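Remarks on the structure that follows.
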Amino acid sequence: MNADLILDNLVAFTPERFAGRRGAGLIAMKDGRILYVGDRTVRPALTGPHTKVVDCQGATVIPGFNDAHCHPVAFAMTTRYVDCWPLRDIASLIDALRSRAADTGYGHWLRAANCDPARLAEQRLPTRGELDQAAPGQPVIVVEHAGQHCVLNSRALALCGIDESAVSSDAGIVHRDPTTGRLNGIVSGNHAQVAAAIPPLASDEIEAGLRTADRIFLESGITSLQDTSWSNTPAHWHAMADYKRRGLISPRMSLFAGADSVDAFAELGMRTGSPHPDCPPEELRLGAAKIALDESTGDAEPPQELIDATALTAHRAGFQLAFHVPDLTLLDRSLNTLAWLDQVGLAPRLRPRFEHCPACPTGWLDHVAQSGAIVVAQPALLPLAAQAMNAREPDPRHPALFPFRSFLHHRIPLAFGSDAPLVSCAPLDGVKAAVTRRDAAGRCVAPEEAISLADALRLYTWGGAYAAGEENATGTIEAGRRADLVLVEGAGEWATPDDLAHAQVVMTLIGGKIVWAR
């Protein structure tokens, strides 16, 4: 049978290569699937008059990266904001906002994101007075890199209805200057007035943001995305289908349902794995129910009974359960919920997921393993979390940060994602963090929890497929699987962790088609 496309002269990360044996040298594709993986000598038999052949020049070919935890639309929107990450002081931020103000026009909101106080010379967020200097007649919002804080200028505060009489609540904290007692513009948490006052981007801005994000996904080697947003509703589901139809998002998509919208999806006859009727079934499917009650209710420690009831509703509606587990309290309560579901006779469950799980005491590892939950971690967050950890006094009682090796040792299923836009969506950044365990200052964080390059690649490919229940269709380079592949230079068969600094994606294929090439 003649192939549509042949990748030749390569090193393939096949299941055998993951096991330490020699990788294949040729991959042939037909009708969007992998036709053959193996020795190069069969190339003449697979080549026809219309076969395209690509000489990979010894590059490594891996399965397409599957980002198992991200927020693609939010990431797309941030591409339309002023990016604070490269800026080194508040004066540079003011200049950037002033320049953007000249392009947007009077009265339009100015938005900036990814502002990390630790990267600024002043070691703090800007104040409303400083933002007023940039654009006194326009509302300005600057979002802190972790998404937990924002800064509003005076015009933005007024539009949000926040004045000097404002008081803080559990759902949103307004900060004041310690000297004058006046509002300094910094707001923390999910402040309802801020959320209600900021208008959405215009449709042309949304489309431009999606196109920019799509290019970034493809040049990063991402062929599948799992949108884990807790706020997703049927409206978001249909909007995603529209984006896919219009070619604004190329990677395959699994969109989670917000736990509050489970009933609405169920009324439409939908559950985990359901395809969208307007898209090819492999392009868009409904994912797990995201149980993030700490975020959706504003209660950092939601009661056990509420978590149980929410999980029960989602389970009965046919949904995989994805618990938001940012700390030990919610890890404990999520484990309790799974045990309770077993006790009341509601097993077997669709593979439950613990999103994040940045820490797990040694004595808890067996409990996590017994729960059957998949830990969906974000290794690129390690440098960021390590920075915050290093700012505190060392405490030997604290469990290791992101204990990847321990998870694997206890046979806990593990998958990798990015949590973009919180950090870069580039999987190679996450792979490097998992292998080197280095923070931004080059210090090694819990080196005993480092994993091999092969394991890190597997968790960012097959791991994501397993977490989504698609491991029989994608995630490995085998005949019959989807031809979603990535060519990487600089991380070959004998790559060392330091080589990862020079590794780069040079080609991305989805369904046997080259969708991006450097």
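The values are calculated or read from the model by the stated rules, or taken from the named source; none is laboratory data. The structure presented is a predicted model; accordingly, all values stated were derived computationally and were not measured. Neighbour counts are summed over all protein chains in view; Cβ atoms, including those assigned to glycine, are modelled from backbone coordinates with ideal geometry.
Looking only at the stretch 122-179, how many residues end up being in contact with an Asp or Glu (Cβ under 6 Å, 6 or more places away or on another chain) and assigned to a loop (DSSP other than H, G, I, E, B)? Count: 2. Exactly one residue out of ALA3, ALA45, ALA24 is at pLDDT 95 or above and part of a loop (DSSP other than H, G, I, E, B), and it is ALA3. Looking across the stretch 161-216 at every residue that is closer than 23 Å to ALA239 by Cβ and basic (Lys, Arg), the one that is nearest to the chain's Cα centre (by Cα) is identified as ARG215. Set side by side, the residues LEU331, LEU335, LEU382 differ, and just one is within 18 Å of the chain's Cα centre (by Cα) and surrounded by 17 or more Cβ atoms within 10 Å (Cβ to Cβ), which is LEU382. For the criterion of being within 30 Å of the chain's Cα centre (by Cα), within 30 Å of ALA12 (Cβ to Cβ) and not assigned by TED's automatic domain parsing to the domain that holds LEU428, THR60 passes.
Within the group THR223, THR272, THR233, THR228, which residue is surrounded by fewer than 16 Cβ atoms within 10 Å (Cβ to Cβ), polar (S, T, N, Q) and at negative phi? So that I can check it myself, show each step before the final result.
Working: THR223 fails: surrounded by fewer than 16 Cβ atoms within 10 Å (Cβ to Cβ); THR272 fails: surrounded by fewer than 16 Cβ atoms within 10 Å (Cβ to Cβ); THR228 fails: surrounded by fewer than 16 Cβ atoms within 10 Å (Cβ to Cβ).
One residue alone meets the criteria, THR233.
Scanning the stretch 408-436 for residues that are charged (D, E, K, R), surrounded by fewer than 23 Cβ atoms within 10 Å (Cβ to Cβ) and not in a helix (DSSP H, G or I) gives a single hit, ARG411. Taking the criterion of being within 17 Å of THR14 (Cα to Cα), surrounded by fewer than 19 Cβ atoms within 10 Å (Cβ to Cβ), touching a residue at least 24 places away in the same chain (Cβ under 8 Å) and in contact with a helix residue (DSSP H, G or I) (Cβ under 6 Å, 6 or more places away or on another chain), the only residue of the stretch 437-483 that qualifies is ALA454.
Scanning the stretch 256-272 for residues that are among the aliphatic types (A, V, I, L, M), over 18 Å from ALA68 (Cβ atoms) and not in a helix (DSSP H, G or I) returns LEU268, MET270. Among the residues of the stretch 21-72, the ones that are touching a Gly at 6+ places or on another chain (Cβ under 7 Å) and of a type in the set (Phe, Trp, Tyr) come to 1 in all. Against the test of being outside any strand (DSSP E or B) and closer than 30 Å to ASP83 by Cα, the options ALA454, ALA465, ALA380 yield a single qualifying residue, ALA380.
All conditions in (1) out of contact with any Gly (no Cβ under 8 Å at 6 or more places or on another chain); (2) among the polar types (S, T, N, Q); (3) in a helix (DSSP H, G or I) hold for SER250, with the sole exception of (3).
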